[in-house]
Amino acid sequence: MRELSGRTRSAIAAWAALATLLHLHAAIVGFDAPLRLRALHLLVLLPLAFLLWPARPGVSPAHRPSSPDLALALLAMLPGLLVLLGPDLGALRPGSMVSPDVAELLLGGLASLLVVEALRRVVAPALAGQLAAGILFHVACAKLPGVLHQGEITLHAIFGSLYLADDMGMHGPVTGISATMVAILVAFGAASEKSGLPRFLHDLGIRAAGRQPGGPAQAAVISTALSGAFSGASTVNGLAPGSPAIPAMIGLGFHRHFAAGLAAASSAGIQFTPPAMGAGIFVVALAADIPPGHACLAALLGALLHFLAILAGVHFEARRLRIPGLPEGALPGWRDLRRGAPLLLPVVLLVVLLLLGRPPSLAAFWAFVATFLVSWVHRHPPATRLVLTVVVAVALALARFGEHAAAWPLSIVLGAASLVARRGSRPGTRPMMREAFGVLVEAALRMVAVALACAGAGMLVACLVVSGLDAAASGAVRALSQGSLLPAGALLALATLALGKALPAIAAQVVVAALGARILVELGAPALAAHMFVFWFSILAVATPPASIAGADPLRTGLAASRLAFAGCVVGFGFLHAPALLVQGPWPGSLGEVLAAAAASVLVAAAFAGHFRDHLADGWRVAIGAAALLLALPLEGVDPWMRAAFAAWIGGALRLAPRPFAP
């Protein structure tokens with residue numbers, strides 16, 4: 001990203017802040033037509049891709065946009081303006097095959113090329129390359145030989161599906177998810193990060209696990225898991241690549257490739273940890289036709305099992321390497337933790353609103369507002385009166401006009417914010433106002449990559465549907481699986497992991513869901529389980545080799561990450577057979593299933609580490625790992641409580657085993 005200065009920096013920052021404010025306004029007031037909101041979403045964010053990301057790093061200007069970039073940024077606004085201002089494009093087009101006129105055709109081609117170039121700069125060159133190849137295939141497929149030959153596809157059909165379709169393309173439902181839900185959660189995450197919540201979660205993790213073997217590493221895993229409370233981005237957790245936690249773990253005695261693999265496995269887990277998850281969970285909710293809050297709750301047990309397996313792996317590795325924990329004097333004090341506890345209030349508000357069935361965008365909006373208020377009071381106690389003014393104003397507006405008359409609460413919030421801004425001219429509070437502006441800018445910059453990934457995923461699906469490749473791929477999966485759920489799931493898992501290494505997780509998920517999720521449903525899996533399965537493996541692709549982190553060997557790092565996340569793969573297949581893992585069904589069966597999966601996860605971690613109470617011989621490692629896999633997968637006719645009891649018996653036997661069993 002470019003490092004700007006002067007008036008150019010101020011102008012682009014103002015545009016970015018305006019983009020965030022427009023999304024916040026849409027979250028509470030709404031928009032008259034979904035297509036218009038999606039167009040506005042790309043209109044304000046797509047130009048930033050050309051202004052802030054150079055075309056060729058090291059060659060293009062690093063401190064200012066070049067003239068071609070300024071021209072591309074202006075051109076990037078034209079397709080969105082046509083949708084916003086066009087008299088016939090304000091409502092969703094019926095059906096995915098539309099017939100644009102010449103002007104719309106030209107703008108559709110322009111918009112497609114601009115999105116491809118923006119994807120190359122910001123998100124992933126592989127996604128841009130696949131999308132460009134898909135568009136070229138549509139143009140030339142009638143002249144290709146053999147199996148590549150398809151019927152002639154007109155330019156109207158190509159760019160109509162990419163640009164103006166209501167169920168795919170750059171303005172499809174996936175972009176709608178980015179514009180309405182994910183954008184506000186991204187803003188909430190940016191505000192939470194500035195409030196000091198990550199530091200509090202780190203201290204909480206140190207307090208909880210610091211005295212255990214390899215304590216700082218276990219604490220980093222816990223703080224990473226808790227980071228899902230405010231952000232689904234892997235760049236804000238305690239083990240993000242480049243964070244000081246990785247060199248610290250290496251300094252403790254962990255091998256470099258293990259520390260890097262732990263970063264990859266934990267970074268994958270944060271993206272399916274409720275409540276502030278990425279765009280993928282909302283795709284699951286849309287496809288399964290359930291409220292987003294229910295989809296977040298369904299992912300909870302899987303996320304807990306994933307991080308439990310990682311913690312167990314770190315624990316056994318630390319014991320094997322004889323890495324001690326921290327002394328009591330090095331742990332954060334309880335008084336400091338109590339002082340930072342109020343920073344969790346916006347997260348609690350977000351969870352409560354989601355459980356009450358409020359739209360995620362509205363819940364995230366109020367959590368975003370609460371984050372500013374709580375942060376100001378926490379860091380500047382004299383601001384309490386101003387915060388109470390805002391809270392009372394909002395409460396009175398909601399009581400008088402109701403939640404659905406959203407313009408009134410918003411006007412009250414803005415009025416109260418102006419009062420804060422007036423007081424903010426004082427030297428003691430002026431830095432807070434600058435930080436508030438910085439949060440708005442940072443939120444918009446984070447939205448750019450999400451918006452482009454979602455738009456690119458929708459366009460890639462449009463390429464598959466228009467060409468008929470989706471039906472061909474689905475037929476191949478049916479033929480290879482021979483009507484069996486487990487082989488079909490294995491094929492789709494491999495496809496998702498392979499795509500996830502080259503594409504953003506949301507793109508891999510949307511493509512595989514379009515190709516094969518309905519096959520899993522046809523073979524007996526519930527819709528929620530089928531789409532959660534695809535979502536799960538699109539995230540786990542981060543924890544597969546190769547993975548280049550912290551200068552470690554990519555292959556060894558990827559293998560270490562796969563080892564730590566292996567239990568998560570088993571949990572993913574459990575979704576297809578055990579609704580209890582998705583918080584579905586009666587609670588006694590759910591509890592037994594979770595206990596069996598948890599015990600199996602710990603045993604798998606011990607088998608991979610080669611350590612339990614002491615070192616495990618290779619033969620015992622294989623036997624324990626195989627038994628754990630059988631316990632983790634739901635077996636027909638076997639009660640989950642029996643599996644949980646047997647897993648506990650294995651653990652107890654290993655705990656009490658004489659030394660010859662563990663040389």
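The values are calculated or read from the model by the stated rules, or taken from the named source; none is laboratory data. Just so we're clear, the structure is a prediction, and the values are computed from it rather than from any experiment. Because the Cβ atoms are built from the backbone with ideal geometry, glycine has one as well, and the counts that use them run over all protein chains shown. The protein model used for the area step is the full one, side chains on, heavy atoms only, and it has no ligands, DNA or RNA in it. Shrake-Rupley method; radii C 1.70, N 1.55, O 1.52, S 1.80 Å.
Listing for the model above:
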| item | result |
| --- | --- |
| The listed residue being at pLDDT 85 or above, closer than 29 Å to His615 by Cα, of a type outside the set (Phe, Trp, Tyr) and more than 15 Å from the chain's Cα centre (by Cα), out of Leu301, Leu308 | Leu308 |
| Qualifying residue in the range 335-352 (condition: modelled with pLDDT under 85 and more than 30 Å from the chain's Cα centre (by Cα)) | yes |
| Residues located in the range 581-608, provided they are open to solvent by 10 Å² or more (accessible area, probe 1.4 Å) and in contact with a Pro (Cβ under 8 Å, 6 or more places away or on another chain) | Gln584, Gly585, Gly589, Glu593, Leu595 |
| Single residue of Gly176, Gly134, Gly169, Gly189 found to be in contact (Cβ under 8 Å) with a residue 24 or more places away in the chain, surrounded by 24 or more Cβ atoms within 10 Å (Cβ to Cβ) and either in a helix (DSSP H, G or I) or aromatic (Phe, Trp, Tyr) (or both) | Gly189 |
| The listed residue being surrounded by 17 or more Cβ atoms within 10 Å (Cβ to Cβ) and not in a loop (DSSP other than H, G, I, E, B), out of Arg38, Arg2, Arg7 | Arg38 |
| The range 64-79, subset hydrophobic (A, V, I, L, M, F, W, C) and open to solvent by 70 Å² or more (accessible area, probe 1.4 Å), residue modelled with the lowest pLDDT | Leu78 |
| Some residue of the range 513-536 being surrounded by fewer than 22 Cβ atoms within 10 Å (Cβ to Cβ), aromatic (Phe, Trp, Tyr) and in a helix (DSSP H, G or I) | no |
